[in-house]
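**Q** Would you mind keeping the following structure in view while I ask a few things?
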Amino acid sequence: MTTASAVPRFLYGHWGKLALVVAVLAVVVVVRLRPVTVDRYPVALATVASETLGTGTLDARTRATVAATIAGRIDSLSADQGDQVTKGQALAHIDDADLRRQVAAAEAGWRASQSSVVRVKADQVRAQAVVDQAQRERKRIEHLREANLASVEIYEQSGERLAVAEADLARSAAAITEAEQQMSAAEENVRLFQARLAEATITAPFAGTVVRRERDVGDVVVPGTTLMTVVAADTLWISAWVDESAVDAIAVGQPARIVLRSEPDTPRVGTVLRVGREVDRESREFLVDVQMTDPPAQWAIGQRAEVYIRTAAAAEVVSLPWRFLRTRDGVDGVWLDDHGRAMWRPLSLGLRGLDAVAVTAGLAVGEVVVIPVVGPAAMLRDGQRISGR
């Protein structure tokens, strides 16, 4: 190889590397000078609410387990799961043939006791008549005795007859008391069997919805056997578990948003109705019952839901969605659109909500906050050209 041929090769290699460097620099310059596409958020006044999250299930404050109070066989059911019922409406009936016979026997005994009262009262009338006659006879004989026209024996016999008549009268009075007491007992016995007969018809304790039916026609039940569960639809609430760190923040009467798993895009309005006073020792959570003021048309006891309890709120304040907030060197701040170029500005933050945060200093209404559409916000730098969309 000659020296003349080696020199061009050296030059070719040098110029090739130089061209590569120039190309890379050109790409860097283009990339750095090309505007970064950003999302824009015009700063405005809004209400920022601090909310505490709880998860739980749908339940009802007013619910009842409808159970049998007598033993027997179910011969009819008048309601099923999902049915709307009114207070006092018949839900089920237990065969009452034996109870009807018991009522008939009790009524017959009561009528017999009434007849007994009539009879003993008649005996009293007769005993009173005998006493009256004995008293008249006694007085007549006393007059004769005073005139020495009656013997001592006759006088004493008249006294004995009067004493016997008065004893019979007293006995008849006692018999009346006893008969009346027996009649009262027979009447109470009738009421008892009539009440048991009425218990054969099982009714709804209040207006509501049947959420569960556990027995069928033909089942034999005993006192305490559960037939149905009824809840009042106007007392639906969410029993939510909330972290113990929110104990001081939760109070009765606070507004809440309720999001059912069945309708995640339709939050419901709720109010804190009851706050538990015991923390679960494993989960470190406590129960909060949030009443649902506008329940959906279709619901099911036990379905899951999230509740967002508003514990504090600031109205008409400068606010910022969380996704626009950035941290640089440990300081919270935002990137602003300064006439088409990015500008960093530190902020002072106030009340923090789930979706937004209140800004106490650093932003003014009308300013525009930006974040890159693609890539981290760190790719922005002061003076970087930006283009909004």
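The values are calculated or read from the model by the stated rules, or taken from the named source; none is laboratory data. Predicted model only: the values in this text are computed from it and were never measured. Don't worry about glycine lacking a Cβ; one is built from the backbone with ideal geometry, like all the others, and counts go over all protein chains shown.
**Q** Tally the residues that are farther than 29 Å from Val118 by Cα and touching a residue at least 60 places away in the same chain (Cβ under 8 Å), restricting the search to region 179-233. Write out each step before concluding.
**A** Step one: filter region 179-233 for residues farther than 29 Å from Val118 by Cα, giving 196-233.
Narrowing the set further to residues that are touching a residue at least 60 places away in the same chain (Cβ under 8 Å) leaves 196-197, 199-213, 215-233.
Total satisfying the criteria: 36.
**Q** For region 361-374, which positions are β-branched (Val, Ile, Thr), loosely packed, with under 14 Cβ neighbours inside 10 Å and within 46 Å of the chain's Cα centre (by Cα)?
**A** If we filter region 361-374 for residues that are β-branched (Val, Ile, Thr), which is where we start, we get 365, 368-371, 373-374.
When the remaining residues are screened for being loosely packed, with under 14 Cβ neighbours inside 10 Å, the result is 365, 373-374.
Answer for region 361-374, where residues must be β-branched (Val, Ile, Thr), loosely packed, with under 14 Cβ neighbours inside 10 Å and within 46 Å of the chain's Cα centre (by Cα): Val365, Val373.
**Q** Moving on. Out of (1) farther than 30 Å from Val230 by Cβ; (2) among the small types (Gly, Ala, Ser); (3) surrounded by fewer than 15 Cβ atoms within 10 Å (Cβ to Cβ), the odd one out for Ala90 is which?
**A** With (1) farther than 30 Å from Val230 by Cβ; (2) among the small types (Gly, Ala, Ser); (3) surrounded by fewer than 15 Cβ atoms within 10 Å (Cβ to Cβ) applied to Ala90, the lone miss is (1).
**Q** For the structure I just gave you, tell me whether Gln298 is assigned by TED's automatic domain parsing to the domain that holds Ser239, loosely packed, with under 15 Cβ neighbours inside 10 Å and touching a Ser or Thr at 6+ places or on another chain (Cβ under 9 Å).
**A** It is true that Gln298 is assigned by TED's automatic domain parsing to the domain that holds Ser239, loosely packed, with under 15 Cβ neighbours inside 10 Å and touching a Ser or Thr at 6+ places or on another chain (Cβ under 9 Å).
**Q** When region 332-384 is examined, which residues are found to be touching a Leu at 6+ places or on another chain (Cβ under 7 Å), among the charged types (D, E, K, R) and either assigned to a strand (DSSP E or B) or free of Cβ contacts under 8 Å to residues at least 40 places away in the same chain (or both)?
**A** If the condition is that a residue be touching a Leu at 6+ places or on another chain (Cβ under 7 Å), among the charged types (D, E, K, R) and either assigned to a strand (DSSP E or B) or free of Cβ contacts under 8 Å to residues at least 40 places away in the same chain (or both), then Asp332, Arg345 are the ones that fit.
**Q** If a residue counts only when it is within 30 Å of Asp243 (Cβ to Cβ), which strands (runs of 3 or more DSSP E) contained entirely in region 42-87 have at least 1 such residues?
**A** Numbers: elements: 45-60, 63-67, 72-77.
In region 42-87, 45-60, 63-67 are the strands (runs of 3 or more DSSP E) which contain 1 or more residues that are within 30 Å of Asp243 (Cβ to Cβ).
**Q** Okay, moving on. State whether the residues of region 104-113 include one that is more than 37 Å from the chain's Cα centre (by Cα), polar (S, T, N, Q), within 30 Å of Val190 (Cβ to Cβ) and in a helix (DSSP H, G or I).
**A** Yes, that holds for at least one residue.
**Q** If a residue must be surrounded by fewer than 17 Cβ atoms within 10 Å (Cβ to Cβ) and among the hydroxyl-bearing types (Ser, Thr, Tyr), how many such residues does region 146-176 contain?
**A** 2
**Q** Return the residues of region 211-241 that are surrounded by 19 or more Cβ atoms within 10 Å (Cβ to Cβ) and of a type in the set (A, V, I, L, M); say none if nothing qualifies.
**A** Result: Val211, Val221, Leu227, Met228, Val230, Val231, Leu236, Ile238, Ala240.
**Q** Of everything in region 375-387 that's exposed (fewer than 14 other Cβ atoms within 10 Å of the Cβ) and at negative phi, which residue is modelled with the lowest pLDDT?
**A** Looking at the filtered set, the residue picked out is Ala378.
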